Structures are given as structure tokens and as C-alpha cells.
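K.L.:
Have a look at the structure that comes next, please.
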Amino acid sequence: MLLKNVTNYIEKLLAEREQMNEVQELALFEEEKAYVEKHHIRHEEQKNLIVKDSMTRFQGAYIERCDKESDEIIAEESDPFLEKPISYFKTHKEEFMYMESPWFDLIGADAVSFEADSVFGTYDVMLGLKLPKKTENAIKTYLTNNLHKEEASYDLMFNSSDGLWDFNFSLNSLNEYHEEWTINEAYCAIYHFLFQLVATVEAKV
């Protein structure tokens, strides 16, 4: 899935460039650039690849703030909300954030939600992950090897009705975690973690 999705994305960028009759470098985010190079996708173009600023990945994403108890939308948000510190959710523990982005579609992730745990104070990440049921052992091996903090925790359950893994994990468990992160920085770290998870699991299937 990931290989197909990234290949289609590159082909789309090249088609747009050709349609505009432009000869220019292809700007990719770090994760996609490394993946393209590793898998030799359109290898003749690799000398033209440059890295985009990862902090711009989620510009224009669809964002909601919602009430935990009722799931009702409190407000739709725009890019400036992403520059708030993640500690916002510790002072608004009754809220959670919901984000939709084409980048999550690329890696086979459903919309990603984020909140502060009302009891433990950790930051929880919640999503659906489109990987086959047979990948369970590979997923769990990756999580065991890459969630290293003492408080590392996750919940993983396959939902046969929609073919998704219901996947929750603690942001605090990431090695690079910083309490001072902005929401944007947190979501970029979440994306990087999920991208590597999907790439690793698919390589073993």
C-alpha cells in the first residue's frame, strides 16, 4: 500500500510539473524523500529531489476541537492553532483534537486524534490504521522496539467491521518527545513514527 501510494504521489507531482512545462526540483518531505530513494522510485529523478520544511506538512489540514464527554465539536480550527503548545490540552482536559489530512491517507492512517489523559497526564494519540490483520506480530514487534520510555503504552485491536486497527499510543513514549513541543511539532513526530511503522511492517509482509 505505502509503495503504491508514494509512487502514485510522485507520478502526480511529475505530471503536474510536465503540464506546467516546468523543469524544476521535486520538493518532498524528509520521510517521503528517503522512501523514494530507498525504493528507487523514478530513480532518474532522484538527483532533482530536495527536502521541504516538515513544519509545513499540516498546513491547511482539517482540525476540530471536540468535547470528550459528548464528542460534539467545540470549534473548527486553522493553522495558527497548531502553534499552541501541547500543554494546551493539559489545561483543557475536557477537550480532544481531531485532524484529517491527505498525508494520513498516504500512509493508510485514518484521522488522528490527540488529547491529554485526564488521569495520568500523558498525551494520547488515537487513530485507525489500514494494515492487514496478518501484520499483527510485525506491528507489535515494531512498537516494542520503538516505544522505549518507561511509561510506554499502547492499545491495538483489529476492527473486522471496517478492516482497521484501532490504535492508541502515548506520545510521551516516543524517544524524541519534548514537553515543550507545539501541537504542530507533535503531529510531525506522530507522522514520522507512523510512516516508519507502516514502511517497516510492509517490508516484512
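K.L.:
So Phe81 clears everything in (1) over 30 Å from Ile139 (Cα atoms); (2) over 18 Å from the mean Cα position of the chain (by Cα); (3) in the same structural domain as His192 (by TED's automatic domain parsing); (4) surrounded by 14 or more Cβ atoms within 10 Å (Cβ to Cβ) except one condition, right? Which one?
P.N.:
Of the numbered conditions (1) over 30 Å from Ile139 (Cα atoms); (2) over 18 Å from the mean Cα position of the chain (by Cα); (3) in the same structural domain as His192 (by TED's automatic domain parsing); (4) surrounded by 14 or more Cβ atoms within 10 Å (Cβ to Cβ), the odd one out for Phe81 is (2).
K.L.:
Let me ask another. Answer yes if at least one residue in the range 148-161 is part of a helix (DSSP H, G or I), surrounded by 16 or more Cβ atoms within 10 Å (Cβ to Cβ) and in contact with a strand residue (DSSP E or B) (Cβ under 9 Å, 6 or more places away or on another chain), and no otherwise.
P.N.:
Checking the range 148-161: not a single residue is part of a helix (DSSP H, G or I), surrounded by 16 or more Cβ atoms within 10 Å (Cβ to Cβ) and in contact with a strand residue (DSSP E or B) (Cβ under 9 Å, 6 or more places away or on another chain).
K.L.:
A further question follows. Among the residues of the range 106-124, how many are closer than 15 Å to Ala189 by Cβ and touching a Phe, Trp or Tyr at 6+ places or on another chain (Cβ under 9 Å)?
P.N.:
Of the residues in the range 106-124, 6 are closer than 15 Å to Ala189 by Cβ and touching a Phe, Trp or Tyr at 6+ places or on another chain (Cβ under 9 Å).
K.L.:
Are any residues in the range 116-147 surrounded by 15 or more Cβ atoms within 10 Å (Cβ to Cβ), in contact with an Asp or Glu (Cβ under 9 Å, 6 or more places away or on another chain) and not acidic (Asp, Glu), and if so, which ones?
P.N.:
If the condition is that a residue be surrounded by 15 or more Cβ atoms within 10 Å (Cβ to Cβ), in contact with an Asp or Glu (Cβ under 9 Å, 6 or more places away or on another chain) and not acidic (Asp, Glu), then Ala116, Thr122, Tyr123, Val125, Met126, Leu127, Gly128, Leu129, Lys130, Leu131, Thr135, Ala138 are the ones that fit.
K.L.:
Listed residues Lys130, Lys134; which is within 18 Å of the chain's Cα centre (by Cα) and assigned by TED's automatic domain parsing to the domain that holds Pro80?
P.N.:
Lys130
K.L.:
If a residue has to be of a type in the set (S, T, N, Q) and under 22 Å from Glu179 (Cα atoms) to count, how many in the range 68-98 make the cut?
P.N.:
Here the count works out to 2.
K.L.:
Can you name every residue in the range 1-35 that is over 15 Å from Glu202 (Cα atoms) and of a type in the set (A, V, I, L, M)?
P.N.:
Ile10, Leu13, Leu14, Ala15, Met20, Val23, Leu26, Ala27, Leu28, Ala34
K.L.:
I'd like to check which strands (runs of 3 or more DSSP E) are fully inside the range 1-103 and have at least 3 residues that are closer than 30 Å to Thr135 by Cβ and modelled with pLDDT of 95 or more.
P.N.:
62-67, 95-100
The values are calculated or read from the model by the stated rules, or taken from the named source; none is laboratory data. Source: prediction; values computed, not measured. Methodologically, a virtual Cβ is constructed for each residue, glycine included, from the backbone with ideal geometry; neighbour enumeration extends over all protein chains shown.
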